[in-house]
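Heads up: the structure comes next, in structure tokens.
A short reminder: the numbers here are calculations on the coordinates, not readings from a lab. Quick caveat: nothing in here was measured; it's all calculated off a predicted structure. Cβ sites come from the backbone with ideal geometry, for glycine too, and all protein chains shown count toward neighbours.
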Amino acid sequence: MSSIAVSPRSIAWQRRRRALAQAWAQYRRHLPGMIGLGVLVVIVAMALLAPVISNHDELRAVNTVDNPTWATPSEFPPLGTDNLGRSVWAQFVWGARISLLVGLAATLIAIVIGSVVGIAAGFYRGVGSAVLMRLTEWFLVIPFLPLAIVLAAILGPSVRNIILVIGITSWPSTARLVRAQVLTLKERLYVERSRALGASNRHLIGRHIFPNVSPIILANLTLTVPIAILSETTLAFLGLGDPTRASWGKMLDEAFRAGALSRNAWWYFLPPGLGIMAVVIAFTLIGSALEEILDPRLRERRK
Amino acid sequence: MSFGYFSRKVLAALATLAFVVCFNFFLFRVVESDPVASLFRGRNLTPAQRLELRQEFGLDGSKGEQFVRYLQQTAQLNLGRSYRSNQPVSSEIRERAWPTIALVGVSTLFSAIFGILIGIVAAWRRRTKADYGWTGFSMATYSMPDFWLGMLLLISFAVALGWFPVGGITDTGSDATGVAKLFDQAHHMFLPALTLTLAYLGEYALVMRSSLLDTMREDYLTLARAKGLRDVVVRNRHAVPNALLPVVTLIAINFGFVLSGAIAVETIFSWPGLGLLTYDALKGPDLPMLQGLFLVFSAAVIFFNLVADLLYGFLDPRVRTP
Amino acid sequence: MTAPLLSVRDLHVTYRSEAGPVPAVRGVSFDLHPGETLGLAGESGCGKSTIAGALLKVLPPGTEVTGEVLLDGEDVLQMKPGRLRAVRWTEMSIVFQGALHALNPVQRVGNQIEEAIETHRTTPAATARVAELLELVGLPARRAGDYPHQLSGGQRQRVLIALALACNPRVLIADEPTTALDVMVQAQVLELLERLQRELALSMIFITHDLSTLSYVCRRTAVMYAGRIVEEGPAEEVFAHPRHPYASALAAAFPLIGDHSHRMNPSGLPGDPPDPRAIPSGCPFHLRCAVVQPECPELDVELWPAGDGRRAACIHVLAGAAP
Ligand SMILES: Nc1ncnc2c1ncn2[C@@H]1O[C@H](COP(=O)(O)OP(=O)(O)OP(=O)(O)O)[C@@H](O)[C@H]1O
Ligand SMILES: [Mg+2]
């Protein structure tokens with residue numbers, strides 16, 4: 001008789017892969033979610049192909065002295081020029097990179113801090129956990145924008161600092177969400193059982209808690225990205241962005257200061273705003289689709 | 001509302017306020033060992049100027065002494081002097097608070113009313129064209145940067161059509177009084193208020209819609225229908241009031257946040273409120289002013305969080321009665 | 001024999017869900033005579049509450065309901081909206097399952113009762129009527145000012161009963177009125193319902209999953225399985241000598257009145273109650289049946305006379321032998 005070696009680990013992997021395939025099958029049938037994904041793919045492709053579809057040199061005023069200033073899209077295709085003769089199209093495409101980068105990286109920081117704090121505060125008992133919870137609640141009431149402004153002013157404007165600022169000001173809501181989830185998970189029988197069998201805390205978190213909160217973390221991540229991108233836009237508009245790198249927020253800041261409004265230079269301030277809207281809507285659609293599919297509580301409600 | 005609930009919430013708010021006061025100190029003086037150096041980066045200061053600045057901002061002496069002095073002054077509502085205007089920060093903030101409160105108050109009122117109405121229509125006509133249309137509209141306004149929306153409104157209604165002034169709170173040089181002055185101010189407030197209303201309405205509509213959809217699954221609505229009530233009555237008397245509870249709380253909480261969230265919109269419309277004050281203080285940068293504003297904004301959030309809690313306790317009999 | 005007050009003919013109810021249609025009730029017929037109490041028993045999910053909802057047409061929008069619900073010969077399912085609203089609560093009312101969720105948590109219970117009265121204007125002095133109703137179900141009148149969360153489970157159940165009686169209905173549908181209560185309170189509520197039924201000459205449909213309770217409350221009873229009636233007859237007979245194997249399993253599950261420990265899996269029957277989306281072929285019970293025959297998976301037996309006013313849907317009855 002031949003015995004096939006099936007390790008518990010490979011079973012767990014198989015189960016996870018099957019769950020993933022099932023989730024994807026559900027996602028594919030979710031129309032708003034698929035629309036969001038489609039829009040996002042287009043924008044990411046545009047950002048990645050920036051060197052191919054636009055000329056990086058046209059971002060810097062020293063290279064554009066020969067260009068007309070305030071040229072309309074028909075005079076200087078595809079999107080005209082700004083007050084310094086720089087190509088708006090190039091700024092738009094390269095700006096997408098910075099906006100997406102800041103949105104994703106800042107979200108990653110926020111999610112990591114939020115998940116660690118949330119799991120720790122939910123899983124452990126005692127003074128440390130209580131302090132973490134208090135801290136989360138306190139940070140929840142600190143108004144995000146003024147804090148980010150002060151931090152950005154202290155740290156100085158650069159892409160790295162903007163990412164840091166948004167990341168370390170956005171974690172509390174994730175922490176609260178994750179903590180609540182961990183608390184209910186902990187009540188579940190099987191955790192109690194593994195604890196009775198003498199499982200270590202690390203094992204419990206790694207095997208039981210984390211795999212079960214990760215879907216919620218994923219959905220929360222997708223819903224945090226648009227908030228981070230909007231924050232980047234606002235900070236850049238207030239002049240706290242990286243002065244050397246084009247982003248959608250910085251385009252709006254420069255357009256406003258250069259008087260694009262009174263000149264009616266719509267080609268300068270419409271594209272970045274529409275770009276932000278598209279990305280934010282895309283992530284929001286994806287996030288709520290994921291939430292609906294992955295969050296068992298919501299899934300039941302949607303019946 | 002029970003006294004226990006009330007005092008618990010008030011105490012928690014006071015504790016949070018104490019935390020914010022301390023955090024404010026650390027943010028500005030401990031995170032960065034030498035705020036003068038970092039905030040005046042790029043300027044050449046002589047050692048004498050540096051010392052003078054340090055004394056002016058109360059940065060001399062040990063950290064402990066500074067902290068005690070800071071607490072004493074804050075307790076007396078003394079927030080220091082602005083570097084830019086050399087006026088007391090607190091009086092400048094007090095003066096600029098009213099335009100912001102008026103703007104945010106009006107916008108919150110309208111965004112709440114219209115957001116809730118849109119949410120009700122979308123939920124009640126779920127999966128119809130009305131639902132898709134209104135939900136799409138809400139998503140769109142929710143996803144726009146508020147100041148960009150302001151720019152669009154400004155260029156269409158002020159620049160192109162000339163229906164509204166491009167900025168400020170009164171016509172420059174106007175010495176109108178009484179009703180005429182009020183009318184002039186309302187005229188100036190229209191576009192920024194419209195911007196903030198549209199910017200926040202989407203969120204309220206989406207939250208109201210999902211809250212009402214949740215409520216509509218409740219058994220007591222089936223019972224209300226079985227009693228022989230008309231659908232409209234079931235909706236207005238049983239579904240909507242219950243679905244409103246979380247939305248009202250959200251709006252109260254948001255009010256605190258919007259006070260500081262209007263910085264960019266106030267800038268666009270040169271609305272002389274706390275937001276514009278922040279924007280100008282950033283250019284300095286005006287350290288005492290930023291610090292004072294930060295404290296006021298945080299206190300506002302804490303206060304309106306408390307208001308939300310108390311409001312909830314008042315509206316929901318499950319909290320109100322034993 | 002008098003004409004039936006309520007006559008249900010070939011009732012089918014299909015819910016709509018994201019995972020496709022859910023046929024929760026599949027061809028149910030029964031009669032309710034004036035002053036009679038009819039029992040309706042069966043496992044969780046067999047369609048009992050669905051029938052209750054169908055009788056007043058208060059199922060979720062989009063639910064497909066066919067057949068006839070004749071109230072004095074008039075079909076409730078075909079009524080115009082205005083007529084339907086007038087019939088609701090004045091002719092038929094429901095004591096809803098789950099007293100905690102059936103009451104609006106943010107309204108005083110007195111107001112919720114008053115609302116029913118004022119909707120139909122049967123009594124001019126609604127407040128006095130509320131007090132009267134509360135006293136009728138054994139609650140002090142001042143409880144009218146309480147919110148649902150301030151009442152105990154038994155008190156909430158009494159409020160729901162008072163609410164159901166507000167407009168003097170002729171038919172009262174009690175949907176598991178005792179399930180969530182502890183044993184002492186259960187007995188009190190049962191007694192109350194029985195007394196009310198006698199004093200007010202109500203016709204009642206009493207829904208439960210506990211056959212022994214039915215033998216105590218009703219004269220006639222019907223046992224449901226997978227959206228159909230599988231056995232009906234005099235309540236005591238059905239409980240003492242069930243003819244359908246599912247009814248015997250159910251009868252064995254509750255030897256004592258009010259023992260709910262086996263709610264989800266009565267009698268230790270093997271397997272789960274069938275999912276209405278995937279009902280087994282033939283006799284839907286054959287997978288769990290202890291006396292299954294080779295032809296059961298193909299043969300879908302209809303209700304068949306089984307002596308002394310009894311009917312049962314089982315091949316053993318068809319063959320004339322007791323299972
Ligand atoms: N709104 C709905 N949409 C889809 N399916 C439903 C809906 N309501 C009930 N069902 C399904 O219909 C079937 C019958 O439900 P019903 O509530 O009538 O059962 P029941 O006999 O009253 O059970 P219980 O003893 O638990 O109250 C169940 O399988 C249930 O899952
Ligand atoms: Mg039921």
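Filter the trypsin sites (Lys or Arg not before Pro) in segment A:75-176 to those in DSSP coil with at most 11 other Cβ atoms within 10 Å of their Cβ, and list the result.
Within segment A:75-176, the qualifying trypsin sites (Lys or Arg not before Pro) (loop, at most 11 other Cβ atoms within 10 Å) are A:Arg125.
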Given B:Ala158, B:Ser211, B:Ala262, which one lies farthest toward the positive end of the charge dipole of chain B, if we put +1 on the Cβ of every Lys and Arg and -1 on the Cβ of every Asp and Glu? B:Ser211
Restricting to the protein assembly as shown, what percent of DSSP beta bridges are antiparallel, rounded to 5? 60 percent
Here, A:Asn55 and A:Gln26, labelled 7 Å along Cα→Cβ, have an inter-label distance in nm of 5.1 nm
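Under the Kirkwood approximation for Rh and a Cα-based Rg, what ratio Rg/Rh is obtained for segment C:102-167? Don't jump to the answer; show the numbers that get you there.
Details: Rg = 10.5 Å, Rh = 11.4 Å.
Computed over Cα atoms, the ratio is 0.92.
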Rounding to the nearest 10 and keeping the result within 0 to 90°, find how far the Cα-based axis of helix B:47-56 lies from the longest principal axis of chain B. 50 degrees
Of the candidates C:Leu71, C:Tyr147, C:Leu303, the farthest towards the positive dipole end of chain C (Lys/Arg Cβ +1, Asp/Glu Cβ -1, centred on the Cα centre) is C:Tyr147
Report, by chain and number, residues whose modeled amide H sits under 5 Å from the one on C:Asp146, excluding near sequence neighbours (fewer than 5 apart, same chain). C:Val109, C:Gly110
Apply the Karplus curve 6.51 cos²θ - 1.76 cosθ + 1.60, θ = phi - 60°, to the phi angles in segment A:228-245 and return the couplings in whole Hz, x for Gly and Pro. 5, 5, 5, 5, 4, 4, 5, 4, 5, 5, 7, x, 9, x, 5, x, 9, 10
By how many degrees, between 0 and 90 and to the nearest 10, does the Cα long axis of helix A:248-257 differ from the longest principal axis of chain A? 30 degrees
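Assigning unit charges at the beta carbon (Lys, Arg +1; Asp, Glu -1) and nothing else, what dipole magnitude in debye, to the nearest 20, does chain B show about its Cα centre? Present the calculation step by step, with values, prior to reporting the outcome.
On the way: 28 positive and 23 negative charges, 215 e Å.
Magnitude of the dipole: close to 1040 debye.
If you place +1 on the Cβ of every Lys and Arg, -1 on the Cβ of every Asp and Glu, and leave all else neutral, what size is the dipole of chain A about its Cα centre, to the nearest 20 Debye?
Working: 30 positive and 16 negative charges, 392 e Å.
Using Cβ point charges on Lys, Arg, Asp and Glu, chain A gives about 1880 debye.
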Say a site is exposed when it is one of the GluC sites (Glu not before Pro), sits in a DSSP loop, and has at most 12 other Cβ atoms within 10 Å; what is then the longest site-free stretch of chain C? C:19-294
Amide hydrogen neighbours beyond the local backbone of C:Ile205, cut-off 5 Å, H modeled: C:Leu38, C:Leu172, C:Ile173, C:Ala174
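Per Stokes-Einstein, at 20 °C and 1.002 mPa s, what whole-number D in µm² s⁻¹ belongs to chain A, with the Kirkwood radius over Cα pairs as the hydrodynamic radius? Could you put the intermediate results ahead of the total?
Details: Rh = 21.8 Å.
The Stokes-Einstein estimate is 98 µm²/s.
Work out the length of the dipole vector of the protein assembly as shown about its Cα centre, built from +1 on the beta-carbon of each Lys and Arg and -1 on the beta-carbon of each Asp and Glu, and round it to the nearest 20 debye. Intermediate values should be presented prior to the final figure.
On the way: 86 positive and 75 negative charges, 297 e Å.
Its charge dipole is roughly 1420 debye.
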Crossing angle, helix A:31-48 versus chain A [Cα axis fit, 0-90 degrees, rounded to tens]: 50 degrees
Violations at 32 Å Cα threshold for listed pairs A:Lys250/B:Lys129; B:Lys63/B:Lys283; A:Lys186/B:Lys9; A:Lys186/C:Lys57 -> A:Lys250/B:Lys129; A:Lys186/C:Lys57
Counting only helical runs of four or more DSSP H residues, what would the 222 nm mean residue ellipticity of the protein assembly as shown come to if each run contributes -39,500 (n - 2.57) and the total is spread over all its residues? -18500 deg cm²/dmol
For the protein assembly as shown, count all C-alpha to C-alpha pairs, find those more than 40 Å apart, and express that count as a whole percent of the total. 54 percent
Take the Cα coordinates of segment B:92-320, assign each an equal point scatterer, and use the Debye formula without solvent to give log10 I(q)/I(0) at q = 0.12 Å⁻¹. -0.76
Which listed residue (A:Leu270, A:Leu164, A:Leu145) has the Cα farthest towards the positive end of the charge dipole for segment A:127-274, taking +1 on Lys and Arg C-beta and -1 on Asp and Glu C-beta about the Cα centre? A:Leu164
Please go through segment B:108-185 and write out the trypsin sites (Lys or Arg not before Pro) that DSSP classes as loop and that have at most 11 other C-beta atoms within 10 Å. B:Arg127
Is there a simple number for the mean count of other chain Cβ atoms within 10 Å of the Cβ of residues in B:146-158, and what is it? 5
